[in-house]
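The values are calculated or read from the model by the stated rules, or taken from the named source; none is laboratory data. From a predicted model like this one, the values you see are computed outputs, not experimental measurements. FYI the Cβ positions are ideal-geometry reconstructions off the backbone, even for glycines, and counts take in every protein chain you see.
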Amino acid sequence: MEAFSNMYEKPSAANKVFLVRELVNIRMKEDNSVTEYINKMNSILARLTSVVVLQLRFLDDSGLGEPVFQLLKHLQKISC
């Protein structure tokens, strides 16, 4: 289980895809409480957020952070 966990905690595109699929496919089981369901969703969202933050830090450290930020800002203006 630990090897599986380590494989999916790396900030990679495959990890993001795995976590997004996990989030999209999550279903509340009849015998589970709403609290358990929400906790599981929050756990997936927290892991996904940490992956994205690590990737943004990598971009910033590599000098690509500012151009990517400007591109995202431009795309946000277009979509609004």
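Restricting the first member to the stretch 17-37 and to residues that are farther than 20 Å from Ser50 by Cα, and the second to residues that are aromatic (Phe, Trp, Tyr), the beta-carbon pairs closer than 9 Å and six or more apart or on different chains are Arg27/Tyr37; Met28/Tyr37; Lys29/Tyr37.
If the requirement is being at pLDDT below 80 and of a type in the set (S, T, N, Q), which of these qualifies: Ser62, Ser33?
Exactly one of Ser62, Ser33 is at pLDDT below 80 and of a type in the set (S, T, N, Q), namely Ser62.
For the stretch 16-51, filtered to residues that are exposed (fewer than 11 other Cβ atoms within 10 Å of the Cβ) and among the hydroxyl-bearing types (Ser, Thr, Tyr), the residue that is farthest from the chain's Cα centre (by Cα) is Ser33.
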